[in-house]
Amino acid sequence: MEKGREDKKMGYSLLFNPENYRVESVEAEGHTVVYRAYEDLVYVERPVAEEYQRMNIYVPELLMEGGTIGRYDRHTAPVFLANTVGGYMPGKPEKPGNHFMGKTNALFFALQHGCVAVSVGARGRGLTGADGSNIGCAPACIVDLKAAVRYLKYNRERICGNMSRIISNGTSAGGALSALLGVTGNHPDYESYLDAAGAAEAGDDIYAVSCYCPITNLEHGDMAYEWEFNGLHDYRYMRFDKDAETGEMKRQPVTGTQTEEQKKLSAELKKLFPSYVNSLHLTDERGNDLILEEDGNGSFQQYIKDRIMESIQKAMEGGMDFTGCPWIQIRDGKAVDVDFAQFTAFRTRMKTTPAFDDVWLQTPENELFGTDGIASRHFTRFSLEHTKAEGEMAEEGQIRRMNPMNYIGDSHCDTAPCFRIRHGASDRDTSLAVSALLAAALKKQGIQVDYHLPWGLPHAGDYDLPELFAWIDRICNV
Ligand code: DHB
């Protein structure tokens with residue numbers, strides 16, 4: 001029988017073969033890296049979307065030859081695990097070199113830095129099986145990332161690198177998954193899904209998380225968005241459409257004004273946010289409570305303003321001039337206050353209300369919470385009650401498994417001890433409160449969190465790779 005067929009019938013082998021590689025090289029940033037490429041490794045025994053449930057592992061050739069790069073050798077090299085999920089859609093593993101936007105990707109930097117670089121694919125929303133049923137709804141994407149970690153750990157003696165130093169990286173939906181992966185290490189909630197997929201018998205806890213602009217905490221994203229953007233009625237975003245003739249992606253600006261009904265929903269959602277924030281009982285570094293008053297003001301807002309001022313301060317030190325921004329108060333070369341409402345007006349609104357759980361079930365997140373037979377569902381009681389599409393509610397367990405906030409501090413998790421969270425200060429895809437709550441909740445558990453809102457950056461990721469790898473060096477050399 002043909003080899004591939006035999007594999008499929010028996011289930012895929014999860015044993016990594018160290019001899020099955022090609023030596024390749026790639027040039028970027030004026031440097032060439034030579035590496036061993038182990039590609040298209042299916043990481044579960046029983047994949048349902050084999051094209052996505054696979055990963056590529058790249059190892060610097062120099063390490064394999066017994067050399068060192070920086071402080072790392074073949075045994076101590078950190079394992080940089082980059083997921084390729086965007087928009088909660090399925091992602092396929094990538095290669096080191098150029099990112100699809102033309103910039104050098106993080107995998108290249110990882111290899112150049114002496115890390116083992118792993119690019120992992122995963123199932124996502126919109127994926128259908130041969131019978132037309134949906135096979136990528138939540139929690140498929142996080143189950144796949146966990147299975148990939150298990151594969152790496154199961155093969156720790158056969159793959160180069162230190163599997164106790166796995167660092168996950170992702171942006172946006174991929175950033176949310178990166179955080180979720182790091183928080184929920186070994187939690188039994190995911191076990192039955194991992195069993196069904198045929199994941200390797202090993203742990204799925206990791207050492208560190210890097211996440212850019214995580215679109216996370218979805219069930220509270222709508223209220224956070226309106227806490228921030230309520231009162232801004234005009235919205236503006238870029239739509240990407242595929243040209244029917246050329247197949248090219250075309251950017252189309254969309255602008256509009258919220259309807260009276262959306263304005264009403266916005267006011268109602270905004271009102272719900274303080275009690276959610278207060279229920280988390282968070283504190284800042286000095287132990288002060290982070291709370292919101294009923295009107296939306298309070299120490300949690302100040303916490304975000306302080307992060308924005310840090311961001312402005314850093315930008316000023318880099319030579320940026322803020323004299324044209326009357327809503328930033330600068331005294332003796334230091335940012336001392338920002339007007340939060342004017343700062344938000346400067347950023348502008350991107351999404352209509354509700355931002356994530358759409359009353360018409362039209363968002364990516366509605367599709368994420370579908371089932372094999374239902375395309376899209378609600379995941380908040382608020383939007384269920386306001387549904388215009390006779391939408392159904394997703395099961396509590398499906399929603400719970402997608403939100404790291406539900407697991408922070410849970411004694412059944414082996415949570416990563418180090419997090420790096422970056423959320424561009426100009427991001428409008430989700431509220432800055434979402435990443436701020438994640439950072440504060442992690443810090444409360446004694447987890448080391450490096451949190452920053454880089455000035456001027458929109459919804460984006462991997463824009464500060466030299467700093468990211470300097471952070472990796474710091475946390476790996478303790
Ligand atoms: C992404 C962006 C969004 O605005 C969203 O709602 C979900 C995902 C993304 O870029 O991955």
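The values are calculated or read from the model by the stated rules, or taken from the named source; none is laboratory data. It should be emphasised that the depicted structure is a prediction, and the values quoted were computed from it without experimental measurement. As a convention, Cβ positions derive from the backbone with ideal geometry for all residues, glycine included, and neighbour counts pool all protein chains shown. SASA here: full protein model, heavy atoms, side chains in, ligands and nucleic acids out. Shrake-Rupley method; radii C 1.70, N 1.55, O 1.52, S 1.80 Å.
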Being at pLDDT 95 or above, among the hydroxyl-bearing types (S, T, Y), under 17 Å from R400 (Cα atoms) and out of contact with any strand residue (DSSP E or B) (no Cβ under 6 Å at 6 or more places or on another chain), is that true of even one residue in region 161-183? no
Subset of region 387-399 (residues that are open to solvent by 60 Å² or more (accessible area, probe 1.4 Å) and of a type outside the set (D, E)): K388
State which residue is farthest from the chain's Cα centre (by Cα) when the search covers only region 249-268 and only residues that are without any contact (Cβ under 8 Å) to a residue 24 or more places away in the chain and in a helix (DSSP H, G or I). E260
Would you pick out the residues in region 417-430 that are open to solvent by less than 10 Å² (accessible area, probe 1.4 Å) and of a type in the set (G, A, S)? G424, A425
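So that you can scan it fast, the table gives a plain yes or no per residue for (1) more than 14 Å from the ligand (Cβ to nearest atom); (2) under 19 Å from the mean Cα position of the chain (by Cα); (3) not hydroxyl-bearing (S, T, Y):
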| position | (1), (2), (3) |
| --- | --- |
| S164 | yes, no, no |
| T171 | no, yes, no |
| G174 | no, yes, yes |
| E191 | yes, no, yes |
| A199 | yes, no, yes |
| I206 | yes, yes, yes |
| D222 | no, yes, yes |
| N230 | yes, no, yes |
Does any residue of region 67-87 turn out to be without any contact (Cβ under 8 Å) to a residue 60 or more places away in the chain and under 17 Å from the mean Cα position of the chain (by Cα)? no
Within region 442-454, identify whether any single residue is crowded, with 22+ Cβ neighbours inside 10 Å and out of contact with any helix residue (DSSP H, G or I) (no Cβ under 7 Å at 6 or more places or on another chain), and answer yes or no. yes
Which ones in region 346-370 are small (G, A, S) and away from the ligand (no atom under 14 Å from the Cβ)? G370
Any residue in region 403-410 that is open to solvent by less than 10 Å² (accessible area, probe 1.4 Å), closer than 29 Å to Q112 by Cα and not aliphatic (A, V, I, L, M)? no
Just to check your reading of the model, which residue among A470, A433 is more than 15 Å from the chain's Cα centre (by Cα) and crowded, with 21+ Cβ neighbours inside 10 Å? A433
For region 301-309, does any single residue satisfy the condition of being among the β-branched types (V, I, T) and either open to solvent by 40 Å² or more (accessible area, probe 1.4 Å) or more than 22 Å from A433 (Cβ to Cβ) (or both)? no
Residue count, region 210-248, condition open to solvent by less than 60 Å² (accessible area, probe 1.4 Å) and either outside any loop (DSSP other than H, G, I, E, B) or modelled with pLDDT of 95 or more (or both), comes to 25
Output yes when any residue across region 285-292 is modelled with pLDDT of 95 or more and not hydrophobic (A, V, I, L, M, F, W, C), and no when none is. yes
Where residues in region 65-101 are within 16 Å of the ligand (Cβ to nearest atom) and of a type in the set (F, W, Y), which of them is nearest to A470 (Cα to Cα)? F100
